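Worksheet for the structure shown next.
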Protein chains: 2
Amino acid sequence: MAGAGRGCQKIRGSQIRDVLDTKHSVLFDCDGVIWNGEKAVAGATEVVSLLKKQGKNVFFVTNNCTRPRENYVQKFSRLGFTDVAQEEIFSSAYCSAVYLRDVAKVQGKVFVIGGHGVYKELREAGVPFVEGEADDPGMTIVDCPLDSDIKAVLVGYDDKLTFLKLAKACCYLQNDDCLFLATDPDPWHPLREGRVTPGSGSLTAALETATGRKATVIGKPSCFMFECIASQFGVDPTNSLMVGDRLETDILFGANCGMDTMLTLTGVSTLEEAQAYKDDQAPEKKIYVPDYVVDTIADFLPVIEDNE
Amino acid sequence: MAGAGRGCQKIRGSQIRDVLDTKHSVLFDCDGVIWNGEKAVAGATEVVSLLKKQGKNVFFVTNNCTRPRENYVQKFSRLGFTDVAQEEIFSSAYCSAVYLRDVAKVQGKVFVIGGHGVYKELREAGVPFVEGEADDPGMTIVDCPLDSDIKAVLVGYDDKLTFLKLAKACCYLQNDDCLFLATDPDPWHPLREGRVTPGSGSLTAALETATGRKATVIGKPSCFMFECIASQFGVDPTNSLMVGDRLETDILFGANCGMDTMLTLTGVSTLEEAQAYKDDQAPEKKIYVPDYVVDTIADFLPVIEDNE
């Protein structure tokens with residue numbers, strides 16, 4: 001069904017069963033799909049449990065780099081998901097660490113713009129790194145020490161970003177041999193009461209403009225997170241389903257990786273936006289069109305309960 | 001000579017005299033043209049004095065927004081330029097203030113990412129503004145106060161940038177009625193010993209990515225700085241010459257405004273880069289080709305001394 005058949009098809013009941021029956025693996029985005037903030041989407045805990053009881057692989061793929069995977073396990077547990085294992089969680093922080101260790105095989109240290117989630121995953125992967133903190137509050141980019149062993153710059157969401165961190169990253173990236181990675185391309189994130197916060201993609205754009213270089217992006221819609229899952233679990237995209245709430249990240253990610261895609265309407269994107277991509281004359285917009293649309297993943301419940 | 005005739009012509013002696021004879025006004029970029037850091041380009045003080053003695057208008061157009069114009073006057077004086085008046089200096093900070101007061105006629109306050117130079121010019125222009133400082137070191141974008149009277153965000157070089165400033169700017173720019181201005185598009189600036197620092201353009205890119213909006217850029221290569229000069233001094237672009245060291249800002253600015261352009265090789269761009277634009281097959285690259293090239297503006301000296 002992937003490719004030409006993408007139909008933005010709103011499905012329910014037995015149609016959902018027909019889709020799930022052909023899939024061995026279901027990949028879920030977290031924010032806007034499984035939970036919103038500290039509140040699980042109604043029915044999501046049961047959906048995850050029942051899919052696993054039916055023998056399906058369930059994975060969680062999130063561009064959020066602020067937490068290490070162990071904190072995700074705790075959050076799943078706190079929100080009532082009792083059977084999610086750390087190995088099933090693929091965050092952009094974890095996958096960035098895997099990339100640096102196994103793909104780039106970086107020889108030297110990584111300069112990090114990011115936070116706790118990134119630090120912890122790098123530490124667990126055994127990748128040496130330097131936190132981008134100011135060495136000394138009085139220092140400027142003119143007089144601060146630079147580490148000659150920095151071989152990569154990794155940029156993620158960093159709510160303690162300072163000008164000095166940005167400037168140091170620019171200096172390191174002057175060296176073309178220094179890798180330039182971004183955890184994810186998310187431009188912004190919604191907060192409460194209409195407030196927003198700049199995402200990793202925003203900070204990456206600052207560095208891309210300052211250096212004239214393009215970052216290698218680890219998170220969705222790049223395929224690297226799927227490659228991590230495939231290499232660890234032997235998953236085949238043709239019998240996998242990607243379920244997400246953002247057309248430009250989740251749905252594009254699924255399409256890029258060759259999976260069928262499903263938009264759920266409990267998060268950012270709307271059915272109207274999906275339909276607008278479908279109706280757009282420009283062929284390059286079709287890749288944002290999901291194969292299927294559901295109001296919520298709770299719509300899975302009647303059909304997977306039946307199956308038991 | 002503007003337009004089709006752009007020839008990247010290396011000129012000297014009487015050729016320079018022929019060019020200057022047709023011009024009533026000469027616009028100079030500062031960094032890399034008039035001075036490098038705290039050192040005047042050899043001969044530059046005499047060039048400026050002699051051009052003025054010959055009755056030419058001399059203007060200084062700089063994207064550097066870090067200093068108010070009065071500090072430029074002091075710097076000119078300190079470096080041996082004895083006859084430069086504040087009115088002849090058009091900085092991106094000053095022109096941003098003029099734009100907000102006279103063009104946008106902003107009704108409300110301006111949220112500023114920037115520094116002393118921008119603050120001072122806004123104050124002198126009578127434009128109310130809020131410094132983007134953290135209200136309280138412990139605050140985050142979730143709980144910090146926002147000012148409902150903010151009607152514009154102005155972004156310039158800010159070596160005290162924090163994440164909270166960026167995040168607040170994003171929140172203000174959620175309102176489509178809030179103007180989005182950038183002092184200048186400079187992506188980075190060279191420092192000593194191969195170090196670099198992100199420029200206003202880098203910080204603007206972070207906000208453009210986070211908000212999905214495009215900033216109105218005041219500095220070169222936008223024409224607004226020339227419009228400021230033209231409105232105050234009645235200058236005609238067809239008898240004005242723009243002299244600069246950066247093809248992508250100064251030369252493009254001159255071309256955008258309908259002036260003849262001259263590249264001087266005491267700064268960033270090289271003759272090879274100019275020639276590469278000339279040789280490029282893509283017609284849109286021709287706009288970066290200067291009409292004339294000199295090694296240094298000191299090459300003016302023999303011909304303007306002669307003229308006295």
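Values quoted throughout were computed directly from the atomic coordinates according to the rules given, and no laboratory measurement underlies them. This one's a predicted model, so the numbers in the text were calculated from it and none came from an experiment. As a convention, Cβ positions derive from the backbone with ideal geometry for all residues, glycine included, and neighbour counts pool all protein chains shown.
Basic side chains Lys and Arg get +1 at the Cβ, acidic Asp and Glu get -1 at the Cβ, and with that the dipole of the stretch A:109-210 about its Cα centre reaches some 220 debye. Relative to the longest principal axis of the Cα atoms of chain B, the long axis of helix B:224-233 makes an angle of roughly 60 degrees. For B:His189, the residues whose modelled amide H falls within less than 5 Å of its own, excluding neighbours fewer than 5 places apart on the same chain, are B:Thr197, B:Gly199. Sorted from shortest to longest, the distances between the A:Lys278 label points of this copy and the other copies are 5.7 nm, with each point 7 Å from Cα along the line through the beta carbon. Position A:Glu124: other-copy label points at 5.6 nm, ordered by increasing distance, label point 7 Å along Cα→C-beta. The charge dipole of the protein assembly as shown, taken about the Cα centre with unit charges on the Cβ atoms of Lys, Arg (+1) and Asp, Glu (-1), comes to about 20 debye, rounded to the nearest 20.
What is the calculated FRET efficiency for B:Leu79 to A:Arg213, with r their C-beta to C-beta distance and R₀ = 45 Å, to the nearest 0.05? Could you put the intermediate results ahead of the total?
Numbers: r = 35 Å, r/R0 = 0.77.
Efficiency, from the Cβ-Cβ distance: 0.80.
Quick one: of A:Lys75/A:Lys120; A:Lys165/B:Lys75; A:Lys10/A:Lys286; B:Lys109/B:Lys165, which pairs are farther than 21 Å apart, Cα to Cα? Before the final figure, lay out each step's value.
On the way: A:Lys75/A:Lys120 16 Å; A:Lys165/B:Lys75 30 Å; A:Lys10/A:Lys286 17 Å; B:Lys109/B:Lys165 16 Å.
As for pairs spanning more than 21 Å Cα to Cα, those are A:Lys165/B:Lys75.
If you fit an axis through the alpha-carbon atoms of helix B:69-78 and take the longest principal axis of the Cα set of chain B, what angle between them do you get, 0 to 90°, nearest 10? Value to nearest ten degrees: 40. Label point of B:Lys53 (7 Å along Cα→beta-carbon): distances to the other copies' equivalent points are 9.7 nm, sorted ascending. Label positions at B:Arg101 and B:Lys286, each projected 7 Å from the Cα along the C-beta direction, are separated by 4.1 nm. According to the calculation over all Cα-Cα pairs in the protein assembly as shown, the P(r) per 20 Å bin from zero is 18, 43, 28, 9, 1, 0 %. Across the stretch A:16-22, rounded Karplus estimates of 3J(HN,Hα) from the backbone phi angles (6.51 cos²θ - 1.76 cosθ + 1.60, θ = phi - 60°) give 5, 4, 4, 5, 5, 4, 8 Hz, Gly and Pro being marked x.
With both labels modelled 7 Å from their Cα along Cα-to-Cβ, the A:Glu38 to B:Asn36 distance reads 5.8 nm.
Between A:Thr270 and A:Ala230, the simple label model (points 7 Å from Cα in the Cβ direction) yields a spacing of 3.5 nm.
Using θ = phi - 60° in the Karplus curve 6.51 cos²θ - 1.76 cosθ + 1.60, the 3J(HN,Hα) couplings for the stretch A:82-92 round to 9, 10, 9, 9, 4, 5, 8, 9, 10, 9, 5 Hz; x is entered for Gly and Pro.
For a straight C-alpha distance cut-off of 18 angstrom, the aspartates and glutamates reachable from B:Lys285 (same-chain residues fewer than eight places away being disregarded) are B:Asp245, B:Glu248, B:Asp250, B:Asp260, B:Glu272, B:Glu273. If R0 is taken as 25 Å, the Cβ-Cβ distance between B:Ala125 and B:Asp177 corresponds to a FRET efficiency of 0.75. Rounded, prolate or oblate, given the Cα gyration tensor of the stretch B:72-144, with a/c below 1.5 counting as rounded? Oblate is the answer for the stretch B:72-144, as a/c is 1.5 or above yet b/c matches or exceeds a/b. The 3J(HN,Hα) values that the Karplus relation (6.51, -1.76, 1.60; θ = phi - 60°) gives for the stretch B:202-217 are, in residue order, 5, 5, 5, 4, 4, 6, 5, 5, 5, 9, x, 10, 10, 6, 7, 9 Hz. Gly and Pro appear as x.
When Lys and Arg each count +1 and Asp and Glu each count -1, what net charge do the other residues less than 11 Å away from B:Gly267, Cβ to Cβ, add up to?
Working: positive: B:Arg246; negative: B:Asp29, B:Asp31, B:Asp245, B:Asp250.
Value of the local net charge: -3.
A Cα-only calculation for the stretch A:94-217 places Rg and Dmax at 14.0, 45 Å.
Within chain B, the ratio Rg/Rh, alpha carbon atoms throughout and Rh by Kirkwood, equals 0.99.
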